Amino acid sequence: MKIALSIAGSDSGAGAGIQADLKTFSALGVYGCTAITAITAQNTTKVADIFEVSPAMVEQQIGSVITDMPPDAIKIGMVYSRQIIDSVHGSLKKSKVPIVLDPILSAGTGAKLLLDDALDPFVSKLMPLCTLITPNRIEAEKLAGIKIKTESGGIEAARRIKRLGAKNVIVKGGHFGAFNVTDLLLDSMGRITKITNPRIKIKESHGSGCNFSSAVTAYLAKGTALEDACRMANEYVHVAIKNAVKVGTGLPVTNPLSAIYRDASRYHVLIELQHAVEHVSAITGFYHLIPETQTNFAYALPDAKDVSEVAGVRGRIVKIGNTAGPASYIEFGASRHVASAILAYMRVDPSFRSAINIRFDERLLKSCRSLFSVSSYDRSKEPKGIKKKEGSSVYWGTIQALRKSPRAEVVYHKGDIGKEPMIIVFAMNPNGVVTKIEAILKD
């Protein structure tokens, strides 16, 4: 397994610093080691205090890791003082592995994280050691001594920083367009590479700089080429910022584990739904419940916001003689109508994430009423603007039905011109839906 070492400060709020680095290393499949330079008492609103670790202890931490678990790449974050810089420089001056330097000058909340008299040795001793330095726009302005207002200004700043001793420079977060954010990479050969992402509607997040530099470090540890490492780290952090979490009263915290959580959730949703579709299709007599427009069975991610985050049966579940079976495989976005019903239900109760549609008739409705809480809506009363958009009718109707009965487990409508009447059965998960279908058929 590849190893990465982070030399940085500790953040008690765990949004930045050593804690953010370890989360990122783990998320990217790299074993993370640490050398703590300072202990900060901070949260999402402020840095309350800073305790500097002794330079000798910093040197001991680095030496302990390097002699037993030699890292494949090293990240340097908060170094705070001249003395710490001397220790780090002395420990790494003979290192042959990639070193990523994140110039932590101040916290997002404004606190100074590099003492004024430490800037000169930071530049003269640490920058020549680094493979890549990763300043944001404000840090780049400080290091280059110029204001950055345009893309060309960002490029000029990168060139000035490179002349200070850095082999490669990436200036992050250039807001050079109305809708995009561009990172500017100046490599050792003098080439400029632009990495652009759509602007996320968030003013600032805590920890994104640490996540980026540690992500680059992790990719370099795995042997990724520098430009590719920067691109991959950029994409990784873009997703982490997009899924930033509000855990305190101040800045939202970048979520470096969001991609892992999302991938795990998608896997479990697909597997659970696949098993439930096989189960419900095999129930004796289930084919009797399939309407003319066929049946779909869907299951949403825990935080689903649109139909692309709801899994369903591609081609639906269809009648096959006196049996039933899925026409194709399970995938996200395969259902629109049932998915829209689930998304509407999740607005009322986020724990109800699965549903199936079955045919409407009075006997089935009577059975549902005897077993579950039931509500309905009238499609003839649907606003004209909603009718024009596919899937909106079901969303609107489900909301109407739940306003009448917020705990309804079954929602139905009696159709409209060209629209088949339908019953939709809801549950927390696919197994719950199958249990209800079994109960209906038994009744």
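Odds and ends about this structure:
- Here the label points at S95 and Y329, each 7 Å from Cα along the C-beta direction, are separated by 4.3 nm in the simple model.
- Antiparallel beta bridges, as assigned by DSSP with both residues in segment 1-146, represent about 25 percent of the total such bridges.
- Cα-based shape type of segment 3-64, given that a ≥ b ≥ c are square roots of the gyration tensor eigenvalues and the cut on a/c is 1.5: oblate
- For a label point 7 Å along the Cα-to-beta-carbon line of I202, residues of segment 105-139 with backbone N under 16 Å: 108-109
- Cross-link pairs K242/K404; K2/K94; K147/K201; K75/K242; K75/K201; K246/K384 - those with Cα-Cα distance over 31 Å: K242/K404; K246/K384
- Overall form of segment 3-255 per C-alpha gyration tensor (a/c, 1.5; a/b vs b/c): rounded
- Matching the structure-derived Rg and Dmax of the Cα atoms in Å against the labelled list [x] 22.5, 81; [y] 20.5, 60; [z] 28.1, 83 gives the label [z].
- Per-residue extension of 0.36 nm, minus the Cα-Cα distance of T150 and R363, leaves a gain of 69.7 nm for this segment.
- Between segment 44-108 and segment 154-212, the alpha-carbon centres lie 23 Å apart.
- Crossing angle, helix 430-442 versus the chain [Cα axis fit, 0-90 degrees, rounded to tens]: 10
- Helix-derived mean residue ellipticity, 222 nm - over the chain, DSSP H n ≥ 4, -39500 (n - 2.57), to 500: -11500 deg cm²/dmol
- Rounded FRET efficiency, nearest 0.05, which uses the C-beta distance separating N322 from V239 and R0 of 60 Å: 0.80
- Tensor-based shape of segment 153-297 (alpha-carbon gyration tensor, a/c under 1.5 rounded, otherwise prolate or oblate): prolate
- Inter-label distance for I283 and K46, nm, one decimal - labels placed 7 Å from Cα along Cα-to-Cβ: 5.9
- Rounded to 10°, Cα long-axis angle of helix 82-92 versus longest principal axis of the chain: 80
- Trypsin sites (Lys or Arg not before Pro) restricted to DSSP loop in segment 253-312 with at most 14 other C-beta within 10 Å: K305
- The label point for K305 and the one for K404, both projected 7 Å from the Cα toward the Cβ, are 3.2 nm apart.
- Pairs from K46/K162; K112/K149; K319/K436 whose Cα-Cα separation, in the structure shown, is over 27 Å: K46/K162
- Exposed loop positions in the chain were taken to be GluC sites (Glu not before Pro) whose DSSP state is not H, G, I, E or B and which have at most 14 other beta-carbon atoms within 10 angstrom. Between these positions, the longest stretch is 1-203.
- For K442, a cut-off of 17 angstrom between C-alpha atoms picks up these lysines, skipping any fewer than 8 places away in its own chain: K366.
Computed from the coordinates by the stated procedures, all read-outs in this text should not be read as laboratory data. Being a predicted model, the structure only gives us computed values, none of them experimental. When we count neighbours, we look across all protein chains shown, and the Cβ atoms used for this are built from the backbone with ideal geometry, even at glycine.
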